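The structure under discussion appears below in the form of structure tokens.
The values are calculated or read from the model by the stated rules, or taken from the named source; none is laboratory data. On a predicted model such as this, the values are computed, not experimentally measured, just so you know. Using ideal geometry, Cβ is built from the backbone for each residue, glycine included, and neighbour counts are taken over all protein chains shown.
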Amino acid sequence: MSEFEDLAAPYVLGALEPEERSRYEAHLLECTECTALVNDLTQGVIALDQALAVEPPSDLRGRVLGGIGSVTDTPVVELAPRRRPLWRLTWVAAAVLVVLLGGLTLFNPNPLDELMAAADARTVELAVHDAFAAAPPEQAQVVFSASEEAAAVEFSGLASPEEGSTYQLWLIGEGEPLPAGVFVPDEAGEATVLLQAEARSGQLVAITQEPAGGLPAPSGEVLFSAEL
């Protein structure tokens, strides 16, 4: 395991010194493997932190739908076959991270291949909201399969988030928004990220910018969104 992989768990738990954290975030911009590792570890932390979750605004779904409605209709294409300090978590969270880290080292499949091969796989363009209206990415779409209950976002030409921040994915249904992963695009602005939550027709996929490591509930404005 490399030095940067060793730092993934302390980074997610907010245990790195500021200088070391900045160096690690610079590394994440260049390393898709470490970014994926941080994404997976973050989901384990978020799952344990749900008891501390912030109540999301009651009108969040309505605002996202309204944002989609204000954007030009986007096509559906059928495919051929405020940060909560994570140090508040108990030693149990650290133990879970150790297990996750070991598991990811031994077994790290790529379920995106299976998603793309699903017979009902389709793409939905992500609506670009105000923050990126002047400089939208070259590509912003969701690949979705109802039979697999899975979705992934694909970007090219996406600007990097602000320093100390990350993009965070959300699935929004009738209840509270579900955190579905964090990511940072590579140097070319490309990112392909499988949502880390079950996706179903009628749900909304939304992307916000949050503090590095992500939050249990969205705090930033919606940057991209699409209805599955």
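Total residues in the range 1-15 satisfying the condition of being assigned to a loop (DSSP other than H, G, I, E, B) and under 18 Å from Leu215 (Cβ atoms): the figure is 3. Of the residues examined, Glu25 is not one that is over 19 Å from the mean Cα position of the chain (by Cα) and either over 19 Å from Phe183 (Cβ atoms) or modelled with pLDDT of 80 or more (or both).
Among the residues of the range 105-122, at least one is small (Gly, Ala, Ser), exposed (fewer than 12 other Cβ atoms within 10 Å of the Cβ) and at pLDDT 75 or above.
Which of the following residues is within 13 Å of the chain's Cα centre (by Cα) and over 30 Å from Glu20 (Cβ atoms): Val205, Val143, Val193?
Val205
In this structure, Gly157 does satisfy being modelled with pLDDT of 90 or more and more than 13 Å from the chain's Cα centre (by Cα). For Val193, the criteria (1) over 21 Å from Asp113 (Cα atoms); (2) outside any loop (DSSP other than H, G, I, E, B) hold in every case but one, which is (1). Taken over the range 144-184, the residue count meeting the criterion of being out of contact with any Phe, Trp or Tyr (no Cβ under 6 Å at 6 or more places or on another chain) and either under 17 Å from Tyr24 (Cβ atoms) or part of a loop (DSSP other than H, G, I, E, B) (or both) is 19. Applying the set (1) modelled with pLDDT of 90 or more; (2) surrounded by 16 or more Cβ atoms within 10 Å (Cβ to Cβ); (3) part of a loop (DSSP other than H, G, I, E, B); (4) not acidic (Asp, Glu) to Gln141 leaves exactly one unmet item: (3).
Let's see how each residue does on (1) out of contact with any Leu (no Cβ under 9 Å at 6 or more places or on another chain); (2) closer than 16 Å to Ile207 by Cα:
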position	(1), (2)
Leu115	no, no
Glu125	yes, yes
His129	no, yes
Glu149	yes, no
Ser160	no, yes
Glu163	yes, no
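Contact map, the range 125-138: residues that are within 19 Å of Thr192 (Cα to Cα) paired with residues that are surrounded by fewer than 20 Cβ atoms within 10 Å (Cβ to Cβ) and at pLDDT 90 or above, Cβ distance under 6 Å, separation 6+ or inter-chain. Pairs shown: Val128/Pro136; Pro137/Gly157; Glu138/Ser156; Glu138/Gly157. Looking across the range 197-216, the residues that are touching a Pro at 6+ places or on another chain (Cβ under 8 Å) and either surrounded by 22 or more Cβ atoms within 10 Å (Cβ to Cβ) or under 28 Å from Ala26 (Cβ atoms) (or both) come down to Ala206, Thr208, Gln209, Glu210, Gly214, Leu215, Pro216.
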